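Below: one structure, written as C-alpha cells.
Bear in mind these aren't lab numbers, they're just calculated from the coordinates by the rules spelled out. Since this is a predicted model, take the numbers as computed values, not measurements. Note: ideal-geometry Cβ built from the backbone for every residue, glycine included; neighbour counts use all protein chains shown.
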C-alpha cells in the first residue's frame, strides 16, 4: 500500500494493521501533550485501585504505558484485546508479562467472566458500530463493582469536522506534522458518529451504573495544531496565556450548550 493515494480508509482492521507497523513520533510540545491527555490521565487515576485491567482496543500498548506512568506505585496485570493482528504481535513484544488476544466479532472467549477489576475503552467507539455488543462483553468480564472508563471523541466539534474534511487535500509537509496521530501514508481511518447521550443510554441498558460524565476540549487544541509548525508553547508567557484559555474553556464546558460541541467526552461507570 506504499503507493496508495491519500484517502479515508473504510476497513478499520486494514488501517490499524498497517498503522501498527509505523513508529509514531512524540508530540514536540509537552504542554499540548498534557492537555490532550488530561481527561484520560484523570480516568486512569480513578482506575488506580484495580489490579487486573482489560484494555479493549489495546493497539500496540501505548495506553498501557500511559496507565503505568500515572499509576506507577502498584503492580498491575493487563489483558489487552484488539482486532488488528499486527498490533497484537507488537504489543506482546512490548509487554511480555501481560496477556493479549486478537479478537473477532467483539467477543473474548479466552477470558473468563467476572475476572477483571477494571476496564477502559479509549477512542474506540468512533471506529466501531457495535457499541452495545462491546459494552455487554466488558460487563460480563468485569467483577461485580468493577470500574469501566470510556474516553472518546464526539462528532460535533466544528473545528474537528472542518479539519477532517480538508486534511486529505493538504500538502504532504503538513500531513507529516500529524504523523503522531492516526495518519498512515496520508490516509486516515473512517470515523463513525458518536453521541454521548446515546452511549450513556446504551451503558445503562446493558446494566452499568453511570457515576460521572465529563467533557473536554472546545478550541484550545487549535493552538496545538499551530504549535506543530511554530512551537510557541516553548515560551513561558505563551504557556500562561494557553493555561488561562484552558481555564476559560473548562468554565464554558459546565454548560450543556458547550458540552454538545466538546471534542471529547468521558464516562465513568461501574458494574
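Things worth noting here:
- Annotation: the residues 269, 58, sorted from fewest to most other C-beta atoms within 10 Å of their own C-beta, follow the order 269, 58.
- Cα-projected label distance for residue 237 with residue 162, points at 7 Å along beta-carbon direction, nm: 2.8 nm
- Relative contact order (%) - criterion: Cα under 8 Å, at least six apart; region: region 8-270: 24 percent
- Over the chain, dividing the summed -39,500 (n - 2.57) contributions of all DSSP H runs of at least 4 residues by the number of residues returns a 222 nm mean residue ellipticity of -12000 deg cm²/dmol.
- Net lengthening on full extension, residue 114/residue 230 (0.36 nm per residue, minus Cα-Cα): 36.8 nm
- Alpha carbon convex hull of region 136-220, volume per residue in cubic angstrom: 137 Å³
- Shown is the FRET efficiency for residue 256 and residue 177, computed with R0 = 45 Å from the Cβ-Cβ distance and rounded to the nearest 0.05: 0.85.
- For the pair region 203-217 / region 90-129, the C-alpha centres are spaced 20 Å from each other.
- Residue-span extension gain [residue 105 to residue 45] - 0.36 nm each, minus C-alpha spacing: 18.6 nm
- Only Cα sites of region 8-270 enter the Debye sum here, all with the same form factor; the resulting log10 I(q)/I(0) across q = 0.12 1/Å is -0.75, listed in q order.
- Counted by neighbouring Cβ atoms within 10 Å, the residues 123, 102 run from fewest to most as 102, 123.
- Region 8-270: antiparallel DSSP beta bridges as a percent of all, rounded to 5: 45 percent
- Average projection area in nm² (convex hull over Cα atoms of region 36-136, one quarter of hull surface): 6.5 nm²
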